[in-house]
Amino acid sequence: FINTDPERARELVVEFADFTRYSFRRHGDFTTLAEELRCIDRYLLLERARFGDRVQVSLRIAPEVLSTVIPFLSLQPLVENAIQHGIRDNMIADGFIRVTAHAENGRVIFEIMDNGDIPASRIEEMNAALRDYGSAQNFGIGMRNVDSRIRMFFKGDYGLSYQKRGEFTVAHIEIPVLEEDRYV
């Protein structure tokens, strides 16, 4: 874009700076879903500049969960993973990502779905690696970090898991509903 559209290049650099500032912030372990979604939006803006119309994104967020407290950078790495490994590395057609969040039975359920061509056997390996760090060498530390932080902060049966649903790979997180003023 620097040569073809300098104004667009400038806008992207500003977005990248905002994304980087959020990623490196140092005030607390928690943020709100609304803040994390702003970070995801900046990240997706940059990826759309790379991939153009080849990646479509759908957000389905229940308004009542926007103020939910979540561990800082717990969803953005999953969206990044969906683009990098689910779509870019395994793209057989145009990429599609859906991010959903809703409350159910005192929990907030987040799902990041992509249509990357990942086999069900790989999903099983990914889930095993989340639970046993020695079980798989070929698994990103980012996903382990997301899962371990959720489990550390919330205990119980909360955390990250992967599923295969038809053509979609789904990163699934459940956390308890928390009040904003208690953590952020």
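The values are calculated or read from the model by the stated rules, or taken from the named source; none is laboratory data. Please read all numbers here as calculations on a predicted model, not as lab measurements. When we count neighbours, we look across all protein chains shown, and the Cβ atoms used for this are built from the backbone with ideal geometry, even at glycine. These accessible areas exclude ligands, DNA and RNA; they are computed on the full protein's heavy atoms, side chains included. Shrake-Rupley method; radii C 1.70, N 1.55, O 1.52, S 1.80 Å.
Within the stretch 94-102, is there a residue that is open to solvent by 50 Å² or more (accessible area, probe 1.4 Å), modelled with pLDDT under 95, of a type in the set (Gly, Ala, Ser) and in contact with a helix residue (DSSP H, G or I) (Cβ under 9 Å, 6 or more places away or on another chain)? No, the stretch 94-102 contains no residue that is open to solvent by 50 Å² or more (accessible area, probe 1.4 Å), modelled with pLDDT under 95, of a type in the set (Gly, Ala, Ser) and in contact with a helix residue (DSSP H, G or I) (Cβ under 9 Å, 6 or more places away or on another chain). The residues on offer are Ser67, Ser58, and the sole one that is modelled with pLDDT of 90 or more, among the hydroxyl-bearing types (Ser, Thr, Tyr), open to solvent by 30 Å² or more (accessible area, probe 1.4 Å) and over 12 Å from the mean Cα position of the chain (by Cα) is Ser67. Just to be sure before I move on: is Leu46 modelled with pLDDT of 90 or more and among the aliphatic types (A, V, I, L, M) in the structure I sent? Answer is no for this residue. Taking every residue in the stretch 156-168 that is more than 11 Å from Met126 (Cα to Cα) and among the basic types (Lys, Arg) and pairing it with any residue that is part of a loop (DSSP other than H, G, I, E, B) and open to solvent by 70 Å² or more (accessible area, probe 1.4 Å), at least 6 positions away or on another chain, the pairs with Cβ-Cβ distances below 9 Å are Lys164/Pro119.
Residue-wise test of (1) open to solvent by 40 Å² or more (accessible area, probe 1.4 Å); (2) of a type in the set (Ser, Thr, Tyr); (3) at pLDDT 85 or above.
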{"position": "Leu78", "(1), (2), (3)": "no, no, yes"}
{"position": "Tyr133", "(1), (2), (3)": "yes, yes, no"}
{"position": "Arg149", "(1), (2), (3)": "yes, no, yes"}
{"position": "Tyr162", "(1), (2), (3)": "no, yes, yes"}
{"position": "Ile175", "(1), (2), (3)": "no, no, yes"}
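Checking each residue in the stretch 43-55 for being open to solvent by 30 Å² or more (accessible area, probe 1.4 Å) and in contact with an Asp or Glu (Cβ under 9 Å, 6 or more places away or on another chain) picks out Leu45, Leu46, Asp53, Arg54. Scanning the stretch 2-38 for residues that are in a loop (DSSP other than H, G, I, E, B), modelled with pLDDT under 70 and open to solvent by 90 Å² or more (accessible area, probe 1.4 Å) yields a total of 3.
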